[in-house]
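What follows is a single structure, written as structure tokens, with notes after it.
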Amino acid sequence: MKKILVLNGINLNMFGKRDHAQYGTATLAQIEEELKVLGGELGLEVECYQTNCEGEMASRIHEAHGDGTAAVLINAGAWTHYSYGIADALGILQVPVIEVHMSHVHGREEFRHHSVMSPVVKGVVSGFGPDSYKLALRAAANLAK
């Protein structure tokens with residue numbers, strides 16, 4: 001069974017509590033559970049990881065380089081716009097990486113329009129709320145074949 005690693009960055013543990021207009025009311029735990037169910041339907045093992053510490057995120061990405069991960073989904077939160085360290089760590093991976101955002105980042109503040117992750121990822125899914133993750137997981141399943 002192929003493993004898909006789902007990474008969530010800074011402040012995303014606050015889904016369900018923060019800005020319902022942008023992020024809805026689903027918690028990160030609910031989103032992760034739905035991904036694991038969908039992953040099972042697709043014949044995938046879904047592993048989820050969240051941290052508010054940039055170095056811990058880079059270390060987890062490094063682990064994915066040799067732990068059997070077949071693809072990575074990442075919602076880096078605010079790090080998306082400035083963390084060259086996380087982008088560099090993702091660039092080391094030899095598996096497809098998909099950038100995920102629940103909100104429509106290009107319809108928001110100007111600083112959210114630029115991603116330092118985008119040059120090292122296969123694609124971006126944005127603007128569909130929790131379904132952004134499900135769409136990205138389906139894409140990852142196809143890419144991991």
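Among the residues of segment 127-144, what is the count of those that are more than 12 Å from Ile98 (Cα to Cα) and in contact (Cβ under 8 Å) with a residue 24 or more places away in the chain?
Residues that pass the stated criteria total 4.
Identify, from the list Val100, Val72, Val95, the residue that is modelled with pLDDT of 95 or more, assigned to a loop (DSSP other than H, G, I, E, B) and either closer than 19 Å to Ala136 by Cα or in contact with a Phe, Trp or Tyr (Cβ under 6 Å, 6 or more places away or on another chain) (or both).
Val95
Conditions (1) in contact (Cβ under 8 Å) with a residue 12 or more places away in the chain; (2) of a type in the set (Ser, Thr, Tyr); (3) under 15 Å from Ala141 (Cβ atoms), marked per residue:
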| residue | (1), (2), (3) |
| --- | --- |
| Ala26 | yes, no, no |
| Glu41 | no, no, yes |
| Arg60 | yes, no, no |
| Ala87 | yes, no, no |
| Val125 | yes, no, yes |
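Kindly establish whether Ala140 is at pLDDT 95 or above, farther than 23 Å from Met14 by Cα and assigned to a helix (DSSP H, G or I).
Spelling it out, Ala140 is indeed at pLDDT 95 or above, farther than 23 Å from Met14 by Cα and assigned to a helix (DSSP H, G or I).
Any chance segment 56-66 includes a residue that's surrounded by fewer than 19 Cβ atoms within 10 Å (Cβ to Cβ), at pLDDT 95 or above and in a loop (DSSP other than H, G, I, E, B)?
No - not one qualifying residue is present in segment 56-66.
Pick from Lys122, Lys145: which is in contact with a strand residue (DSSP E or B) (Cβ under 7 Å, 6 or more places away or on another chain), surrounded by fewer than 21 Cβ atoms within 10 Å (Cβ to Cβ), of a type in the set (Lys, Arg) and more than 19 Å from Glu33 (Cβ to Cβ)?
After ruling out the rest, the residue left standing is Lys122.
Tally up the residues in segment 42-62 that are among the acidic types (Asp, Glu) and within 18 Å of Ile98 (Cβ to Cβ), please.
Selection size over segment 42-62: 2.
Could you check, for segment 123-134, whether at least one of its residues is of a type in the set (Asp, Glu) and assigned to a loop (DSSP other than H, G, I, E, B)?
no
In the set Glu99, Glu47, Glu54, Glu34, which member is in contact (Cβ under 8 Å) with a residue 24 or more places away in the chain, under 11 Å from Ile4 (Cβ atoms) and among the charged types (D, E, K, R)?
Just one listed residue meets the conditions, Glu47.
Any chance you could count how many residues in segment 1-45 are assigned to a loop (DSSP other than H, G, I, E, B), at pLDDT 95 or above and loosely packed, with under 13 Cβ neighbours inside 10 Å?
Residues in segment 1-45 being assigned to a loop (DSSP other than H, G, I, E, B), at pLDDT 95 or above and loosely packed, with under 13 Cβ neighbours inside 10 Å: 1 in total.
Kindly indicate whether any position in segment 92-100 is touching a helix residue (DSSP H, G or I) at 6+ places or on another chain (Cβ under 8 Å), more than 16 Å from Glu45 (Cα to Cα) and not hydrophobic (A, V, I, L, M, F, W, C).
Checked segment 92-100: at least one residue is touching a helix residue (DSSP H, G or I) at 6+ places or on another chain (Cβ under 8 Å), more than 16 Å from Glu45 (Cα to Cα) and not hydrophobic (A, V, I, L, M, F, W, C).
The values are calculated or read from the model by the stated rules, or taken from the named source; none is laboratory data. Owing to the predicted nature of the structure, the values given are computational and were not obtained by experimental measurement. With ideal geometry, Cβ positions are generated from the backbone for all residues, glycine too; neighbour counts draw on all protein chains shown.
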